[in-house]
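Engineer: My questions all concern the structure below.
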Amino acid sequence: MKITGVELRRLRLPLVSPFRTSFGTETHRELLLLRVVTPEAEGWAECVALAEPVYSPEYLAGAEQVLTTWFLPTILGLDEVDANKVGPALHRFKGHRMAKAALETAVLDAELRGRGISLAGHLGATKTRVPSGVSVGIMDSIPELLDAVEGYLAEGYLRIKLKIEPGWDVAPVAAVRERFGDELLLQVDANTAYTLADARHLSTLDNFGLLLIEQPLGEEDLRQHAQLATRLRTPICLDESITSAQAAADAIALGACTVINIKPGRVGGYLESRRIHDLCQAHGVAAWCGGMLETGIGRAANVALAALPGCTLPGDTSASHRYYRTDITEPFELVDGHLAVPTEPGIGLTPLADPLAEFTTETTWIKN
Ligand code: OSB
Ligand code: MG
């Protein structure tokens, strides 16, 4: 496959409600879409970098710059491109996994559309629908949180994840457990907000039967997570720390986690995500597909990953309307707590012209 050109599109979509985490409050999603054009097909992907480097070192303008300055010229310079060639061709450039993931995914989408194969089928998916959880932001008060959780449960979400930080942890967890009962699948995500000195405090969460605690300590604190694991009964799940299959292998070997949140953007793409999935399966480590407030383009690909057999826990793959009043694709809808896995070639969805135009703030076409 030879690439004709690549379109970069900056979008800005309002979120249905502000999303607060220990690293900040998001009211809008700014993102970058890539469209890879080949003579046979077009491929789409969403870059998940946030506007600011507060979740990981990457940020949107940096992702766009590294793509336009180095990654796109490198890939456009290849005579024959397929998704398996993208990672090796970009290997000499360090880091920037979210930018690399977006480019590899757009190439993969074009390739699979050209061959008439769905991403889910290509990755080895075994499910036709995936169970959905929802990530619930930090709120101003516990009654407000209980109302939000009640609303999500009424919609049918099968698992609740509460964002936590020092000062908003034990009390909201206790209140949600008390109000909705012991059967509720409940977990928490700290986004690196604690240190090992908080181990005793975090162990009080052991009383609430949580499925897991996600990324309590820093991204680079693998050894500390392993120490924390000896002090908690709640399973530790890593998100930010898992930047590659190698990092996942190290974390498992060190005893830093027994659950992994797989986010394709964070690890450099869906091919690396499948390697992490396979590693988790081989080690009996539970895995699930995380999210980055994606539009339908990123969500479609995530749902394909969530359909792999080793993704054994409900993911942060919520319905489109949990994030956006108007999505840029046909929306993903919750049916009995599940999202349907797309079956059409590639990621299976294409942006709709009207919302795409409405939310685009800038478009750049890079011709080969
Ligand atoms: O830590 O999982 C996270 C959103 C943005 C950045 C990081 C995270 C999240 C979420 C929401 O928790 C996941 C989603 O619903 O897309
Ligand atoms: Mg997380």
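The values are calculated or read from the model by the stated rules, or taken from the named source; none is laboratory data. The shown structure was predicted, so the numbers you read here are calculated from the model rather than taken from an experiment. Because the Cβ atoms are built from the backbone with ideal geometry, glycine has one as well, and the counts that use them run over all protein chains shown. Ligands, DNA and RNA are excluded from the accessible area calculation, which covers all protein heavy atoms including side chains. Shrake-Rupley method; radii C 1.70, N 1.55, O 1.52, S 1.80 Å.
Engineer: Would you mention how many residues in the range 171-198 are out of contact with any Ser or Thr (no Cβ under 6 Å at 6 or more places or on another chain), within 16 Å of ligand 1 (Cβ to nearest atom) and open to solvent by 20 Å² or more (accessible area, probe 1.4 Å)?
Structural biologist: Selection size over the range 171-198: 2.
Engineer: Here's something else I'd like to know. Does any residue of the range 222-232 turn out to be free of Cβ contacts under 8 Å to residues at least 40 places away in the same chain, within 16 Å of ligand 1 (Cβ to nearest atom) and under 23 Å from Gly87 (Cβ atoms)?
Structural biologist: No, that holds for no residue.
Engineer: Within the bounds of the range 160-170, is there any residue that is touching a Gly at 6+ places or on another chain (Cβ under 9 Å) and open to solvent by 50 Å² or more (accessible area, probe 1.4 Å)?
Structural biologist: So far as the range 160-170 goes, no, none of its residues is touching a Gly at 6+ places or on another chain (Cβ under 9 Å) and open to solvent by 50 Å² or more (accessible area, probe 1.4 Å).
Engineer: Of (1) within 14 Å of ligand 2 (Cβ to nearest atom); (2) over 23 Å from Phe71 (Cβ atoms); (3) open to solvent by less than 10 Å² (accessible area, probe 1.4 Å), Cys280 satisfies all except one. Which?
Structural biologist: (1)
Engineer: Another question, if that's okay. Any idea how many residues of the range 331-362 are in a strand (DSSP E or B) and surrounded by 13 or more Cβ atoms within 10 Å (Cβ to Cβ)?
Structural biologist: 5
Engineer: Suppose we keep only residues that are more than 23 Å from Leu217 (Cβ to Cβ) and in contact with a strand residue (DSSP E or B) (Cβ under 7 Å, 6 or more places away or on another chain) within the range 129-144. Which one would you say is surrounded by the most Cβ atoms within 10 Å (Cβ to Cβ)?
Structural biologist: Among residues in the range 129-144 that are more than 23 Å from Leu217 (Cβ to Cβ) and in contact with a strand residue (DSSP E or B) (Cβ under 7 Å, 6 or more places away or on another chain), the one surrounded by the most Cβ atoms within 10 Å (Cβ to Cβ) is Ser132.
Engineer: Oh, and also: Looking at the range 124-158 only, could you name the residues that are in contact (Cβ under 8 Å) with a residue 40 or more places away in the chain and either acidic (Asp, Glu) or away from ligand 1 (no atom under 16 Å from the Cβ) (or both)?
Structural biologist: Gly124, Ala125, Thr126, Lys127, Thr128, Arg129, Glu155
Engineer: Filter the range 307-316 for residues that are more than 17 Å from Gly156 (Cα to Cα) and open to solvent by less than 10 Å² (accessible area, probe 1.4 Å) and give the result.
Structural biologist: Ala307, Leu308, Gly310, Cys311
Engineer: Then there is this: Quick check on my filter: what residues within the range 328-368 are acidic (Asp, Glu), in contact with a helix residue (DSSP H, G or I) (Cβ under 9 Å, 6 or more places away or on another chain) and free of Cβ contacts under 8 Å to residues at least 40 places away in the same chain?
Structural biologist: Glu330, Glu333
Engineer: Let me ask you something else. Considering only residues of the range 200-231 that are in contact with a Cys (Cβ under 8 Å, 6 or more places away or on another chain) and of a type outside the set (S, T, N, Q), which is most open to solvent (accessible area, probe 1.4 Å)?
Structural biologist: Selected residue: Ala229.
Engineer: Looking at Ala41 and the list (1) open to solvent by 30 Å² or more (accessible area, probe 1.4 Å); (2) farther than 18 Å from Thr364 by Cα, which single condition is not satisfied?
Structural biologist: It is condition (1) that Ala41 fails.
Engineer: Ok, one more. Are there any strands (runs of 3 or more DSSP E) wholly within the range 234-322 with 3 or more residues that are within 15 Å of ligand 1 (Cβ to nearest atom) and over 12 Å from the mean Cα position of the chain (by Cα), and if so which?
Structural biologist: 236-238
Engineer: Checking Ala110 against (1) surrounded by fewer than 20 Cβ atoms within 10 Å (Cβ to Cβ); (2) small (Gly, Ala, Ser); (3) not assigned by TED's automatic domain parsing to the domain that holds Ser241, which test does it fail?
Structural biologist: Against the list (1) surrounded by fewer than 20 Cβ atoms within 10 Å (Cβ to Cβ); (2) small (Gly, Ala, Ser); (3) not assigned by TED's automatic domain parsing to the domain that holds Ser241, Ala110 comes up short only on (1).
Engineer: May I ask you to verify whether Leu202 is assigned by TED's automatic domain parsing to the domain that holds Ile276 and assigned to a helix (DSSP H, G or I)?
Structural biologist: yes
Engineer: What strands (runs of 3 or more DSSP E) completely inside the range 1-92 contain at least 3 residues that are within 13 Å of ligand 1 (Cβ to nearest atom) and not acidic (Asp, Glu)?
Structural biologist: 5-21, 24-37
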